Amino acid sequence: MNLELSEEMVMLQDALNKFLQNEYDFEKRQQISRNGIGYKEENWQSFADMGLLGVPFEEQYGGFGFGQTGLCVVMEAIGKGLVLEPYLSSVVLGGQLIQQAGSEAQKEALLPLLVGGELKLAFAYVERQARYNLSDVECRAEKKGEQFSLSGSKSVVFNAETADKIIVAARTSGDNISEKGISLFIVDSKAAGMQARHYETFDGLRASELSFDNVVLDSDALLGTVDEAYPIIESVIDSAAAAICAEGVGVVSELRQKTVEYLKTRKQFNQAIGNFQVLQHRAVDMFMAEEQMRSLSYLAAIKVTEGEPVGRVKSVSAAKVYLGDARATVGEQAAQLHGGIGVTDELDVAHYVKRLGMLNALFGDRDYHLQRFSQA
Amino acid sequence: MDLNYTPEDQAFQLEVREFLRQNYPKDIQDKVANGIALKKDDYVRWQKILAKQGWVAPGWPEQHGGPGWTPVQKYIFDEECGAANCLRTVAFGLVMLAPVLMKYGSDEQREKYLADIYNSDVWWCQGYSEPNAGSDLASLQTKAVKQGDHYIVNGSKTWTTHGHYADKMFTLVRTSQEDKKQKGISFLLIDMDAPGVSTSPIVTIDGMHVVNQVFLEDVKVPVENLVGVEGEGWTIAKSLLMHERTYIAQVPRSKKQIERLKKIASEERYNGKPLIEDQSFKAKISAVEIELMALEMTNLRVLSKISAGEAPGAESSLLKIKGTEVQQAITALLMEAVGYYAFPYNKVTMTQGWQEEPIGHEQAAMLAPHYFDWRKSSIYGGSNEIQKNIMAKAVLGL
């Protein structure tokens with residue numbers, strides 16, 4: 001047993017921290033969030049140069065084979081810097097769907113471009129009626145000869161606006177809630193018959209509502225086996241959920257550090273407010289939550305790598321429950337301990353609090369994962 | 001003990017309900033029901049309607065224009081206003097300053113200010129907190145130096161709600177450096193358009209502008225704007241804060257918000273059924289309802305003790321903590337109810353409602369901003385930690 005990061009991982013971590021220090025202070029981050037597309041192309045190229053875009057992929061496609069542990073390291077840094085670039089959408093979701101479901105030809109055609117920063121992806125899986133149920137898919141793809149015709153809509157598709165290709169989960173057979181009968185398609189972002197409505201999200205990202213009206217897809221748009229995409233979607237979403245738990249650890253560790261710093265410097269009643277025991281205990285609670293989250297995040301990374309489904313589901317859902325709780329145990333505490341200044345737009349703390357709070361809903365909230373854990 | 005209303009109270013309830021049905025503007029009602037940001041005109045318009053009816057200041061004694069209601073009637077009025085999604089009157093003039101002027105002000109001051117407050121012709125804001133005086137309010141540093149028949153005021157106030165709307169500000173200032181810190185504080189009324197007063201917006205976590213920082217540079221304030229005795233402002237401040245804290249509990253509003261939550265949860269779908277049929281979500285709503293039930297009863301017990309016009313005691317701290325905890329829990333559940341649709345953010349929608357096809361549930365776009373913004377409620381009016389200190393000392397004698 002060894003719970004330390006390998007030398008390679010430590011190097012990756014150092015490179016990322018350096019990038020955040022030099023290129024991603026809070027002011028720069030806020031400029032990016034207001035630039036209308038929600039990321040900066042130069043940063044994306046830097047990610048490619050640093051090798052970040054190849055972290056989870058096999059070496060034959062230009063990747064590094066660092067797997068989920070590598071993603072965990074990258075995502076923690078993304079949390080620390082409140083990074084907006086579409087890493088989750090493009091690499092964690094899009095790239096891994098291709099890696100897990102794609103044919104040799106699809107992998108060879110797409111993954112090297114993705115790793116090189118020349119291709120960006122998004123994953124459209126949320127639907128209006130589905131809430132967090134991944135098998136509740138009404139968007140339909142009908143086979144017409146050698147082609148498919150895609151109709152329906154998808155919601156809250158992060159980074160669809162700047163993606164070159166969008167991977168869409170659609171029903172090819174079965175009832176609206178059945179796991180069997182779901183297929184994945186790679187849709188060009190300029191496909192005729194697709195309409196998009198883009199918007200900003202409350203935590204500074206960009207997302208879109210997409211609708212498809214008889215979008216014609218050639219047979220090579222099919223990603224994986226027809227009707228059999230559900231287990232792959234679930235496994236990639238689990239990987240992404242584990243990844244945002246690592247992001248949450250980054251967010252929480254920044255919030256804890258900033259809050260402790262504030263307790264040491266803010267003076268009321270002729271002393272630093274950190275002298276008050278009632279506030280000290282709350283800072284310690286934040287610290288304990290952070291450490292427990294880090295443990296569950298590492299555990300989830302290990303179990304996702306191992307790939308055994310029950311262990312994966314249990315550990316990912318456990319980490320996600322903790323992440324959901326962190327909205328209150330860390331986010332609300334950080335705001336409260338900062339007082340009024342903690343809920344102003346001007347201070348970075350509020351933006352960490354926002355991101356942490358919004359992460360609860362992504363890939364299923366606390367209640368969803370508690371139930372999923374208990375049923376696994 | 002009896003929770004039933006007398007026939008007179010029942011008649012009063014119907015009278016209030018009917019009045020609200022006929023007179024409460026529909027456009028304002030829609031804004032409140034949908035969580036859309038309110039403008040100065042919305043408040044003024046509604047308060048003037050209430051003033052005309054004689055109901056704008058239920059807490060005032062009759063001699064100053066209060067309706068002379070019993071505590072039960074006041075409760076019924078609040079309850080009916082909550083149920084009708086009424087806009088709450090702005091507290092600064094009506095609920096906070098007016099009782100202070102009645103108790104500590106001079107006849108001239110009452111003559112000069114109360115009618116304008118009653119008729120919403122003058123908008124007041126509160127100049128209490130400072131950048132370095134938050135929970136420790138008594139450490140405030142804004143200075144007022146007497147020169148002839150004026151005070152010269154220098155300093156800065158912050159978190160000034162609607163300071164950009166206000167005509168006047170009631171302020172705590174330091175008139176003496178020598179006394180112990182609470183002793184040197186005075187209560188002063190300042191014109192917002194006096195030379196040397198400026199405001200700068202503070203944008204909060206929801207992206208909105210409601211609060212401000214106010215700067216005071218060599219502002220000349222006539223000595224007749226001092227309320228009460230110089231150096232006794234702290235006593236006044238404390239009585240005012242108790243009124244503020246009681247006002248913050250907002251039981252009827254929370255009841256209405258739970259209704260709203262249930263409606264949204266019955267309209268959202270999950271696993272092919274309405275979300276409200278999901279056992280774990282239902283249990284979370286119930287848990288908040290139980291807290292609110294207890295709070296309502298506690299609130300009633302406090303109300304039945306307070307005679308008209310008298311400031312409530314340390315129990316106002318309990319109401320403030322529990323009231324804000326319930327409100328915050330409801331905002332969290334509202335946000336959770338819409339799942340992924342908490343993400344879309346649209347500033348125009350925050351102030352005007354959807355001008356185009358809504359993304360997700362019609363009310364969804366307001367719910368995350370409200371949840372995060374409502375974190376302020378456990379901070380303002382004296383943070384909830386300070387309220388616990390007050391209770392530890394004043395109630396438990398620790």
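In segment B:165-207, what residues are within 14 Å of chain A (Cβ to nearest Cβ) and out of contact with any Pro (no Cβ under 6 Å at 6 or more places or on another chain)? Explain how you work it out, then say what you get.
Our first condition is that a residue be within 14 Å of chain A (Cβ to nearest Cβ); within segment B:165-207, this holds for B:180-182, B:200-207.
Passing the criteria: B:180, B:181, B:182, B:200, B:201, B:202, B:203, B:204, B:205, B:207.
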Practice task
Might you check whether a residue that is surrounded by 24 or more Cβ atoms within 10 Å (Cβ to Cβ) and out of contact with any strand residue (DSSP E or B) (no Cβ under 6 Å at 6 or more places or on another chain) occurs anywhere in segment B:202-214?
Solution key: yes
Problem - Selection within segment A:115-158 - farther than 16 Å from residue A:187 by Cβ, of a type in the set (A, V, I, L, M) and more than 14 Å from chain B (Cβ to nearest Cβ) - result: A:115
Exercise for the section: From (1) part of a helix (DSSP H, G or I); (2) in contact with a strand residue (DSSP E or B) (Cβ under 7 Å, 6 or more places away or on another chain), pick out the condition that doesn't hold for residue A:38. Expected result: (1)
Problem - Output for segment B:329-341, where each listed residue is touching an Asp or Glu at 6+ places or on another chain (Cβ under 8 Å) and either facing chain A (nearest Cβ under 8 Å) or free of Cβ contacts under 8 Å to residues at least 40 places away in the same chain (or both) - result: B:336, B:339
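Going by the conditions given, is residue A:343 at pLDDT 95 or above and within 8 Å of chain B (Cβ to nearest Cβ)? Write out each step before concluding.
Numbers: at pLDDT 95 or above: yes; within 8 Å of chain B (Cβ to nearest Cβ): yes.
Spelling it out, residue A:343 is indeed at pLDDT 95 or above and within 8 Å of chain B (Cβ to nearest Cβ).
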Practice task
Could you tell me whether segment A:353-376 includes any residue that is outside any helix (DSSP H, G or I), more than 14 Å from every other protein chain (Cβ to nearest Cβ) and in contact (Cβ under 8 Å) with a residue 40 or more places away in the chain?
Solution key: yes
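Being part of a loop (DSSP other than H, G, I, E, B) and within 19 Å of residue A:237 (Cα to Cα) is the filter here; which residues of segment A:110-124 pass it? Let's see the steps before the verdict.
Just the residues of segment A:110-124 that are part of a loop (DSSP other than H, G, I, E, B), to begin with: A:116-120.
Within segment A:110-124, just A:120 meets the criteria.
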Handout entry: Flag for residue A:177 being of a type in the set (Val, Ile, Thr), assigned to a strand (DSSP E or B) and either more than 14 Å from chain B (Cβ to nearest Cβ) or farther than 28 Å from residue A:203 by Cβ (or both)
Key = no
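Let's see how each residue does on (1) at pLDDT below 95; (2) closer than 17 Å to residue B:325 by Cβ; (3) of a type in the set (Ser, Thr, Tyr):
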residue: B:251; (1), (2), (3): yes, yes, no
residue: B:259; (1), (2), (3): no, no, no
residue: B:264; (1), (2), (3): no, no, no
residue: B:267; (1), (2), (3): no, no, no
residue: B:271; (1), (2), (3): yes, no, no
residue: B:283; (1), (2), (3): no, no, no
residue: B:292; (1), (2), (3): no, yes, no
residue: B:300; (1), (2), (3): yes, no, no
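Filter segment A:7-65 down to the residues that are β-branched (Val, Ile, Thr) and loosely packed, with under 13 Cβ neighbours inside 10 Å and list them by number. First the steps, then the outcome.
Taking segment A:7-65 and keeping what is β-branched (Val, Ile, Thr), we get A:10, A:32, A:37, A:55.
The one that is β-branched (Val, Ile, Thr) and loosely packed, with under 13 Cβ neighbours inside 10 Å: A:10.
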Fill in the blank from the handout: Checked against (1) at pLDDT 95 or above; (2) more than 25 Å from residue B:166 (Cβ to Cβ); (3) not in a helix (DSSP H, G or I), residue B:68 satisfies every condition except (1)
Problem - Hey, residue A:322 under 22 Å from residue B:334 (Cα atoms), away from chain B (no Cβ under 14 Å), assigned to a helix (DSSP H, G or I) and out of contact with any His (no Cβ under 7 Å at 6 or more places or on another chain) or not - result: yes
Practice task
Being away from every other protein chain (no Cβ under 14 Å) and either of a type in the set (Ser, Thr, Tyr) or under 19 Å from the mean Cα position of the chain (by Cα) (or both) is the filter here, so list the residues in segment A:200-236 that pass it.
Solution key: A:219, A:225, A:230, A:231, A:232, A:233, A:234, A:235, A:236
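The values are calculated or read from the model by the stated rules, or taken from the named source; none is laboratory data. Given the structure is predicted, the values throughout are model-derived calculations rather than measurements. All Cβ positions, glycine included, derive from the backbone under ideal geometry; neighbour counts span all protein chains shown.
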